[in-house]
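Laboratory data are not the source of any read-out in this text; all were calculated from the coordinates shown. Note that this is a predicted model, so its numbers are computed, not measured. In this analysis, Cβ positions are derived from the backbone assuming ideal geometry, glycine residues included, and neighbour counts consider all displayed protein chains.
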Amino acid sequence: MTYEVSFSELKTWRTCRMLHHYKYCECLEPRTKPVALKRGAWIHELLEAYYKGNDWREVHRALTDEFATLMDEEREYYGDLPGTAETLMTLYEQTYPNDRTLEVELEFKGFPLSRVVHLKGRIDLVLQDARGVWVVEHKTTSRMPSEDERIVNPQVALYIPVVEQQLQVEVNGVLWNYLITRIPKRKQKELLHRRYLPINKNVLSRLREEATVAAVEIHHLTRPYRSLNPMLCRTCSYRSLCIGELMGLDVEFIKRNEYKERRQHGDHIEESEEDDEAE
């Protein structure tokens, strides 16, 4: 028997078993997308258009028109999302006009991590520069993560063997592409950052082994359980459902009013958490 998982599912599993249950077993998502995720998804669409050689401003206008159809309360909740996205992308276009792109939004499935675990997913970008070839991970965030935070979150490196096989190139590691979203408090030069994380074969081997263990755990766990970590629970999109279930409330009412079925995109469920925002 083989198991197919995505990087996002592995990340969710490691974060909280109950979170994984709600997202991947019950296939639920909030009816109102959290601000950070909606902003991240918006900017990600603009970056995709930019790197595919399309007019990102045209995509932005379409998203802005769609945004204008939201209820007044929703627009107030999201704030000036169109303005934030346009400011960041205008600066991005000026800052990185000459990126050498090898692949944009590379989608794949069935890549073997081991005999029993296959990986599926979608890679934001593959770039080549003077330092080598890099798997690029776009990140919108309200603050710049520390080096330690990047080191303990290297799982995106699992994409490296996929790129090497499909593009026939040697990949040097991961390039984190940060767009800082708290614009009013910052100078423009502080809004865009890139950080490199070289990955050697030994690290990659350990990551593949750990991913295999996690994937097997996912398919053998008979009952999910909560992490109950205040730092994680505070920003969790499923907090009301989880607490309601824990306290014996009417969870079906909560599900009907606050959640909906997750959207499907081709062979995979939409992975919005890859555009999360660190508060």
Under the Karplus curve 6.51 cos²θ - 1.76 cosθ + 1.60, θ = phi - 60°, whole-Hz ³J(HN,Hα) for the stretch 36-50, x wherever Gly or Pro sits: 4, 6, 5, 5, x, 5, 4, 5, 4, 4, 5, 5, 4, 4, 4
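Any of Lys11/Lys52; Lys11/Lys120; Lys52/Lys187 with alpha carbons more than 20 Å apart? Name them for me.
Distance filter (> 20 Å) returns Lys11/Lys52; Lys52/Lys187.
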For the chain, the longest site-free run once trypsin sites (Lys or Arg not before Pro) in DSSP loop states with at most 15 other Cβ atoms within 10 Å are removed: 53-114
Pairwise centroid distance, computed over Cα atoms, of the stretch 31-108 with the stretch 139-159, Å: 21
Fraction of beta bridges assigned by DSSP in the stretch 3-275 that are antiparallel (%, nearest 5): 70
Radius 10 Å from Cβ of Ala49, net charge of other residues (Lys, Arg +1; Asp, Glu -1): -2
Burial ordering of Tyr51, Tyr77, Tyr159, fewest other beta-carbon atoms within 10 Å first: Tyr77, Tyr51, Tyr159
Pairwise FRET efficiency - Arg131 versus Met1, Cβ, R0 = 25 Å, nearest 0.05: 0.05
Dipole of the stretch 115-230, positive direction: furthest Cα of Leu125, Pro198, Val213, with charges on the beta-carbon: Leu125
